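The values are calculated or read from the model by the stated rules, or taken from the named source; none is laboratory data. Since this is a predicted model, take the numbers as computed values, not measurements. For neighbour counting, all protein chains shown are included, and Cβ atoms are generated from backbone atoms with ideal geometry for every residue, glycine included. Remember, those area values only see protein heavy atoms, side chains included, never the ligands or the DNA or RNA. Shrake-Rupley method; radii C 1.70, N 1.55, O 1.52, S 1.80 Å.
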Amino acid sequence: MFEHIKIDNNTRIPKYQQIIDSIITNISLGNLSMDEKIPSINMFSEAFNLSRDTVEKAYNILKERNIITSIRGKGYYISRTSLISKVNILFLVNKLSSYKMRTYNHFVNAIGANSHTDLHIYHCDESLFLNLLDKNKMAYDYFVIMPHFKTEALKHVSLTEPVIEAIKKIPKDKLLILDNINPDIKGDLIEIYQDFENDIYNALKEGIAKIEKYKKIMLIYPDKAVYPYPRRILHGFRKFCVEHQLDFEILDEVYEDMILKKGDLFITIEEADLVNLVKQVREDEYKLGRDIGIISYNDTPLKELLGITVISTDFKIMGETAAQMILNKQKGKVKVPFNFIDRESL
């Protein structure tokens, strides 16, 4: 194996990275095969006059990528040859929702076959996120992070101080912040984001001609959801209603036996609230889109099928833009389009 390994003392590429690159290259060329034993850490360090720590670091990263495996008492072996990715990506998402998965799927489709993307869900939990990042900090070429966290009181927060400090340790050329950016993370990185306050404000403004026919607008904002939503949504909603002198109310949920009145317009965020509301509108024999209006946050194929008016981020563009910026090695900040899509429920 040693005749195929190249360590260049004149390059600025770290020695551990050269070991990783050499082993991956030799697997792709067929010089190393599945289950083939490779030299021990001591043998490797002696052969190339490298420190044991350098070789151990390289081997640990290869193990984290499942390219090699170690068997106690026997040594190290090649464990994967069918997929040696040119780009390994860690994709960290706060929750497993349909629209988050649409972003992820469009990203994976656009990034292509020369990459491997691992999806991890951290459930808006700071500790779980920090553990995932620490465990995988050396194993990936890119880190795609959707930062949404919750406090003990189940309030939304974009980033916590420990999370900011952990993210700052990721090299900027490996970092992509997706969906929700924060001014405390600076540098030449990729940022693809929603502007939660102005997005809802501008989308509702686009639909003002139809919205004005309703007597009162209710925003169903889950104040203590398991996966909390940015409070900037509230700010944008209030700004819109005050500017247009509209009667409005903010509710935690769609309650059972909700008092519905002709001329009510509801803006729902969670799927369960939308389903409950549509059910009650039908039971009370109101005509949806005439007597009672509904606007839902974030589009799905089912909402399109049911004719539900939505205000929504373009998740396809979000995922594809993220992939293209990685492939083209671009840096910068891109705002994702947020659309008002008028259907029968308004």
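Tabulated values for the structure
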item	result
Cβ charges +1 (Lys, Arg) and -1 (Asp, Glu), total dipole of the range 4-59, debye	160 debye
Dipole magnitude of the chain about its Cα centre (Cβ charges: Lys, Arg +1; Asp, Glu -1), debye to nearest 20	920 debye
Distance between modelled label sites at residue 213 and residue 60, nm, 7 Å Cα→Cβ extension	6.5 nm
Vicinal HN-Hα couplings computed from phi for the range 144-159 (Karplus, 6.51 cos²θ - 1.76 cosθ + 1.60; Hz; Gly/Pro x)	9, 10, 9, x, 9, 10, 10, 8, 4, 8, 6, 9, 6, 9, 5, 8
Residue-averaged [θ]222 nm for the chain, counting only DSSP H segments that reach four residues, each worth -39500 (n - 2.57)	-11000 deg cm²/dmol
Kirkwood-type radius of the range 215-255, with distances r between different C-alpha atoms, in Å	10.9 Å
Interchain or long-range residues, amide H under 5 Å from residue 68's placed H	63, 79
Excluding exposed DSSP-loop GluC sites (Glu not before Pro) (at most 10 other C-beta within 10 Å), longest clean stretch of the chain	1-151
Cα shape, the range 155-229, gyration tensor, a/c 1.5 rule	oblate
Residues of type lysines that residue 262 reaches as a straight line, Cα spacing below 26 Å, ignoring anything fewer than 8 places off in the same chain	205, 210, 213, 215, 216, 239, 279, 287, 303
Global geometry of the range 197-279, whether rounded, prolate or oblate, following the gyration tensor of its Cα atoms and the 1.5 cut on a/c	oblate
Rounded Å value of the spacing that divides the Cα centres of the range 40-99 and the range 256-330	44 Å
Per residue accessible area of the range 88-180, 1.4 Å probe, in Å²	41 Å²
For the range 1-117, share of DSSP beta bridges that run antiparallel, in % to the nearest 5	65 percent
DSSP beta bridges in the range 138-283 [antiparallel fraction, %, rounded to 5]	10 percent
Among (1) 0.98; (2) 1.25; (3) 1.17, the entry that matches Cα Rg over 2.2 N^0.38 Å as calculated here	(2)
FRET efficiency, residue 256 to residue 97 (Cβ-Cβ, R0 22 Å, nearest 0.05)	0.35
Estimated distance in nm for a label pair at residue 184 and residue 279, the labels positioned 7 Å out from Cα along Cα-to-Cβ	4.1 nm
Gyration tensor verdict on the range 234-314 (Cα atoms; rounded if a/c is under 1.5, prolate if a/b is larger than b/c, oblate otherwise)	oblate
Pairwise FRET efficiency - residue 269 versus residue 304, Cβ, R0 = 30 Å, nearest 0.05	0.95
Under-5 Å amide H pairs with residue 345, H placed in peptide plane, nonlocal only	309
Extension gain from residue 235 to residue 335, taking 0.36 nm per residue of separation minus the Cα-Cα distance	34.1 nm
Residue (of 211, 236, 294) at the positive-pole extreme of the range 192-346, dipole from beta-carbon charges	236
Rounded percent of accessible protein surface that carbon and sulfur make up, the chain, 1.4 Å probe	48 percent
Label-point gap, in nm, between residue 72 and residue 287 - each point 7 angstrom along Cα→Cβ	7.4 nm
Under 20 Å from the residue 327 label point (7 Å along Cα→beta-carbon), backbone N, the range 111-154	111-119, 141-145
Dipole magnitude of the range 89-199, debye to nearest 20 (Cβ charges: Lys/Arg +1, Asp/Glu -1, about Cα centre)	300 debye
For the range 176-245 versus the range 1-20, the gap between their alpha-carbon centres in whole angstrom	50 Å
Antiparallel %, DSSP beta bridges [both residues in the chain], to 5	25 percent
